[in-house]
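The values are calculated or read from the model by the stated rules, or taken from the named source; none is laboratory data. Note that the structure is a prediction, hence the values are computed from the model and not measured. Cβ placement follows ideal geometry from the backbone for every residue including glycine, while neighbour counts extend to all protein chains displayed. All accessible areas refer to the heavy atoms of the entire protein, side chains included, with ligands and DNA or RNA removed. Shrake-Rupley method; radii C 1.70, N 1.55, O 1.52, S 1.80 Å.
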Amino acid sequence: MRRIAVLLSVAVMAMGGAAQAKPKWALVVHGGAGVIEKKDLSPEQDRAYREAMTRVANTGADVLKKGGSALDAIEAAVRILEDDPLFNAGRGAVFTAEGKNELDSSVMDGSNLMAGAVAGATTTRHPISLARAVMEKSPHVMLMGEGADEFARTQNLEQVDPSFFYTERRWQGLERELKRQGLPVPAKPAGAKPGAMAELVHDEDGGRNADLIDLKKKFGTVGVVALDSRGNVAAGTSTGGTTAKRWGRVGDAPIIGAGTYASNRSCAVSATGTGEYFIRLTVARKICALVEYKGLSLQAAADEVIQKDLTALKGDGGVIAVAPNGDMAWSFNTSGMYRAKIADGQPLTVGIYKDDP
């Protein structure tokens, strides 16, 4: 009887351990945060964004299921977002006051703290791939402007005409904002065409009420964080910046520690929001520090920074995060954030609004 009891005890312990076993891999995606409310999205727009988040999350998950690295999963997923006119990254990026699309991106490897970033790229189709190339193929961390695109050409990364990134809805958003500021509207880029799905793009600056929304509300970024089967985490972020930005403005997306950070000692974070505040707070690094040094759970750390610190400064936005133990989290203080998460043994979850799961 004693032997049977011991065997039963071992079996129960094994079952408990299995129930608590961490996922072999995990992935979280965001497509930007901002004024995203049910009343402003048509049923067609709602469906389009949910389908896009599903497609992106499944793409990254497929890489991880096959044993691919967190970096590979992130690059594959972000490249889809950069090609989707629904999002403010790559094709579909917002315009500067001069009528240009200036693209920023960054990536970080949690296994070795290597990082790469680009700011103000204008001809490289996939800035996320360029950021990774900077990390892996150059001695630098950040490149900017024409130099970034020139380096991309040396790495045989696909180049496109700047008109490739044009969408009509983003241009209309630029015209509204320039008129609000009393600034001249530039001529449309040569070769500009409306582009596929332009009619479904939702402006995170307030949709149909965009003229009444303060400039600081106008942002959108995409990002992915991942844990792979080797136990490594990584993060990647990509954006077109803010509508009608001037003077070569750069936000948090390409700044390591602000919009992107990853360390196997803590977590991986990708941010979206009013970049100036994220830079001041070093949001991504701060979340990781709270996990590493204060022992906060991933969700508690994300909420501490977004719901308290960022909100206290009157900054807007959100983050996604994943930890080496498989924990996943997101936190945002805006009315919505396009988001999705999936992990080994866990179903896909997709959300847009504050009251979504």
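Could you tell me which of the pairs Lys22/Lys137; Lys314/Lys341; Lys38/Lys245; Lys193/Lys341 are separated by over 30 angstrom between their Cα atoms in the structure shown? Pairs exceeding the cut-off: Lys22/Lys137; Lys193/Lys341.
Of all DSSP beta bridges located in the range 87-170, what percent are antiparallel, nearest 5?
Working: 7 of 10 bridges.
Taking every DSSP beta bridge with both residues in the range 87-170, the antiparallel ones total about 70 percent.
The calculated pair-distance distribution of the range 271-310 uses every alpha carbon pair, bins of 10 angstrom beginning at 0, and gives 33, 56, 11 percent. Can you list the residues of the range 229-268 with backbone N under 12 Å from a point 7 Å past the Cα of Met114, pointing along Cα to Cβ? No residues fall inside that zone.
Can you pull the percent of Cα pairs in the range 88-135 with separation above 14 Å? Every Cα pair in the range 88-135 considered, those over 14 Å come to 48 percent. Highest-first packing order for the peptide set 62-73, 90-101 is 90-101, 62-73, based on the mean count of other beta carbon atoms within 10 Å.
Beta bridges per DSSP, both residues in the range 58-199: antiparallel share near 70 percent.
Averaged over residues, the count of other Cβ atoms within 10 Å places the peptides 135-142, 280-287 in the sequence 280-287, 135-142, highest first. In the context of the full set of protein chains, the range 93-164 has a per residue accessible area of 40 Å² (1.4 Å probe). If I fit a long axis through the Cα atoms of helix 43-65 and take the longest principal axis of the Cα atoms of the chain, what angle between them do I get, 0 to 90°, rounded to 10? Value to nearest ten degrees: 50. A convex hull fitted to the Cα coordinates of the chain yields 141 cubic angstrom per residue. Which angle between 0 and 90 degrees, to the nearest 10, do you get for helix 2-20 versus the longest principal axis of the chain when only C-alpha atoms count? It is inclined by approximately 0 degrees. Distance from the alpha carbon centroid of the range 297-324 to that of the range 83-139 works out to 23 angstrom.
The residues neighbouring Lys22, those whose beta-carbon lies less than 10 Å from its own, together hold a net charge of -1 under the Lys/Arg +1, Asp/Glu -1 convention.
Is it possible to state the helix-based mean residue ellipticity at 222 nm for the chain, with each DSSP H run of 4+ residues giving -39500 (n - 2.57), the sum divided by total residues, to the nearest 500 deg cm²/dmol? What is it?
Details: 9 runs with 115 residues, N = 357.
Using -39500 (n - 2.57) per qualifying helix, the result is -10000 deg cm²/dmol.
Among Leu103, Ser138, Leu183, which residue has its Cα positioned farthest towards the positive end of the charge dipole of the range 87-204, with +1 placed on the Cβ of Lys and Arg, -1 on the Cβ of Asp and Glu, and the dipole taken about the Cα centre? Among Leu103, Ser138, Leu183, the one farthest towards the positive end of the dipole of the range 87-204 is Leu183. Considering only the Cα atoms of the range 55-118, their convex hull presents on average a projected area of 5.0 nm².
The calculated FRET efficiency for the pair Glu168 and Ala300, based on their C-beta separation and a Förster distance of 51 Å, comes to about 0.75. Taking all Cα-Cα distances within the range 218-331, those exceeding 19 Å account for 38%. Ranked by the mean number of other Cβ atoms within 10 Å of their residues, highest first, the peptides 265-274, 317-326 come out as 265-274, 317-326. The apolar share of the surface of the chain, taken as the fraction of accessible area on carbon and sulfur atoms (1.4 Å probe, ligands and nucleic acids excluded), comes to 55 percent.
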